Amino acid sequence: MASFSRRIRREIIEMAYCSGGPHVGSALSCADILATLYGAELRLDPWHDRDIFILSKAHASISLYAALAARGIMPPEMLATYCQEGGLLPAHLDRQTGYGVECSAGSLGHGFSIGLGMAFGFKRQRSPRRVFIVIGDGECQEGSVWEGALFAPRQGLDNVTVIMDYNNLQAYGRPAEICSFEPIAPKWEAFGWHVCRADGHDHGSLLDALHEESRGKPKIIIARTTKGKGVSFMENELVWHYYIVTQEHRAKALEEIG
Amino acid sequence: MRNTFINTILEACKERDDIFILSGDAGLGVFDRFKEEYPDRFRNMGAAEQNTVSFAAGLAMTGYKVIVYNIIPFLLYRCYEQVRNDICCQGLPVVLVGIGSGITYAPQGMSHYSVEDLGLVQTLPDLVAISPIDPCEARAAASYALDCHKPVYVRLAKNGEPLFHQHEVTNIAAPQIIRNGEHADTAILFHGSVANEVMAAYETLKDRSRAPLVVSVPTLQPFDVPAIAGILSGFKNVVSVEEHYSNCGLGGMLARLKAETCADWQLTSMGIPYGYIHDVRKTAGLRASLGIATEYIVRSVEAVSGFAS
């Protein structure tokens with residue numbers, strides 16, 4: 001799985017460099033979470049009965065594209081079309097892309113509720129299919145997240161696992177300085193969720209949390225992460241929410257990632 | 001209309017097990033029979049409109065025909081972005097059922113009026129919009145929505161509307177000729193909840209031997225330009241009436257149609273004056289104060305037809 005993570009990170013840097021697009025820090029932040037899901041946890045065979053993954057923090061789309069390509073779901077050559085004229089992959093997710101992009105997203109707080117609706121549908125069909133959703137910490141400032149958080153436990157949606165990519169850095173500062181949502185774990189607990197904590201860069205820690213019994217409740221894993229993880233000059237640096245990867249950045253980043 | 005609409009869905013449930021209704025804590029008593037017969041096909045999502053619409057999108061993705069029911073501002077305005085991104089952009093065949101079209105919720109206040117929803121709908125490509133006038137059109141709208149592969153918005157009045165159609169409606173997507181006029185120069189086009197005012201105006205005009213052609217246009221998006229242009233061909237005057245801002249409703253659509261087809265009829269658009277409503281009145285009184293009550297329709301038709309007293 002370490003090599004899976006490394007491959008995702010390398011593709012993130014390449015796509016960011018070739019497109020001149022932002023959100024590299026956000027994508028690197030959830031690279032290990034996606035590697036854990038696509039490398040070990042998601043049941044994708046048979047495809048028509050697969051588990052669903054939704055990247056609700058869809059500004060980190062390059063991490064999903066990289067994971068889908070690494071997992072053999074998306075043709076790897078598609079990655080080179082990311083944000084290119086006439087290309088196939090937009091900066092934010094579009095379901096029409098196909099190849100494992102399960103839901104359009106880009107406006108925060110939407111993918112989360114869509115995932116709940118899908119989980120509800122699977123439950124009603126008595127299907128064993130599960131839904132995994134990655135949300136950002138900044139995303140927890142959206143009211144719609146809390147509307148869904150209130151609703152899901154009453155429906156017993158224990159087929160939902162939300163992973164909060166908690167890198168403690170949103171577009172223009174620390175959440176605590178902008179609109180604090182702490183204490184976050186007791187809030188979800190009070191709403192009726194099973195809350196676990198994990199190191200969002202440790203595959204073992206994430207797997208432990210993913211496999212923890214939730215006793216009929218929907219589960220949220222609060223995964224501590226570092227924005228820009230894996231590239232020293234991007235780590236925990238606010239500017240890498242929007243900064244563009246230059247040729248020099250690219251070379252240095254790829255060298256560090258290995 | 002409301003009960004007919006829901007009862008049509010209830011009937012369809014006998015044949016289909018994919019229908020699911022979500023309510024936003026609205027519709028007192030409306031779903032009693034539905035909940036009794038199909039308790040596992042209904043959820044009250046609470047006062048949480050954004051989650052409700054996105055949730056509906058997710059549920060639709062798993063193969064359900066999802067019907068979302070709420071008062072129009074809470075169905076379309078509060079969560080416009082969820083309707084746009086999650087339902088329409090993803091091309092999901094969710095049915096959005098809005099109650100309280102126009103000012104039928106008067107005197108609840110401006111927050112509960114829906115006088116610009118069709119303007120919003122026109123910003124959402126592929127969202128079919130149906131504004132029925134009576135239980136007959138509501139039944140046809142429900143059947144159409146259940147079979148439609150696109151998202152559908154149905155705007156309903158409150159309840160208890162009389163029947164104006166004399167036969168079942170077979171094609172809700174087409175303009176409906178409700179009454180043939182004796183006065184061949186003038187046609188009234190209208191939609192939705194102002195129907196009783198239009199039909200009362202028709203009766204008055206008929207008594208004076210000045211009856212116009214009366215046409216309901218239930219499906220406003222897509223707007224059937226060829227059919228409407230065909231009906232209006234040969235007319236001198238067209239009066240549109242709606243319980244909606246006319247600049248972004250039927251009146252605006254007809255103005256565009258007139259320009260695009262170089263039609264030579266004169267258009268008079270009657271609708272809610274463009275502005276916010278602060279008067280405290282019931283629906284009938286508010287219609288009168290806003291200039292869309294029966295007497296104003298009669299006066300407009302007589303004026304454009306050259307019968308002004």
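Structure values in brief
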read-out	value
Label-point separation, residue A:18 to residue A:43 (7 Å along Cα→Cβ), nm	3.5
Trypsin sites (Lys or Arg not before Pro) within segment A:181-243: DSSP coil, no more than 14 neighbouring Cβ in 10 Å	A:215
Proximal lysines relative to residue A:229, as straight alpha-carbon distance under 23 Å, when same-chain residues fewer than 8 apart are discounted	A:57, A:252
Using a Förster distance of 60 Å, the FRET efficiency for residue B:280-residue B:147 (Cβ separation, nearest 0.05)	0.90
Helical mean residue ellipticity (222 nm; -39500 (n - 2.57) per DSSP H run of 4+; nearest 500) of chain A	-11000 deg cm²/dmol
Coarse-grained scattering of chain B at q = 0.07, 0.15, 0.16 Å⁻¹, given as base-10 log I(q)/I(0) from a Debye sum over alpha-carbon atoms	-0.26, -1.15, -1.29
Alpha-carbon centroids, segment B:67-131 and segment A:181-228: separation in whole Å	36
Mean residue ellipticity (222 nm) of chain B, computed from DSSP H runs ≥ 4 via -39,500 (n - 2.57), nearest 500	-9500 deg cm²/dmol
Peptides ranked, highest mean first, by Cβ atoms within 10 Å: ranges B:63-74, B:277-288	B:63-74, B:277-288
Cβ charges +1 (Lys, Arg) and -1 (Asp, Glu), total dipole of the protein assembly as shown, debye	460
Charge dipole of segment B:183-309 about the Cα centre (unit charges at C-beta), most positive-ward option of B:241, B:231, B:285	B:285
Within straight-line cross-link reach of residue B:35, lysines at Cα separation under 24 Å, skipping those fewer than 8 residues along the same chain	A:123, B:14, B:65, B:158
Cβ-Cβ FRET estimate between residue B:182 and residue B:16, R0 fixed at 41 Å, reported to 0.05	0.35
Estimated dipole of chain A in Debye, rounded to 20 [Cβ of Lys and Arg +1, of Asp and Glu -1, Cα centre]	660
Lys/Arg +1, Asp/Glu -1 at C-beta; chain A dipole; positive extreme among A:246, A:164, A:132	A:132
Residues in segment A:129-170 reached by a label modelled at residue A:236 [backbone nitrogen below 19 Å; 7 Å Cα→Cβ]	A:137-138, A:165-170
Beta bridges by DSSP in the protein assembly as shown, antiparallel share as percent, to the nearest 5	10
Dipole of segment A:169-258 [Lys/Arg +1, Asp/Glu -1 at C-beta], most positive-end residue of A:186, A:232, A:196	A:186
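Only the coordinates and a few stated rules stand behind these numbers; no lab work does. Not measured: the values here are computed from a predicted model. FYI the Cβ positions are ideal-geometry reconstructions off the backbone, even for glycines, and counts take in every protein chain you see.
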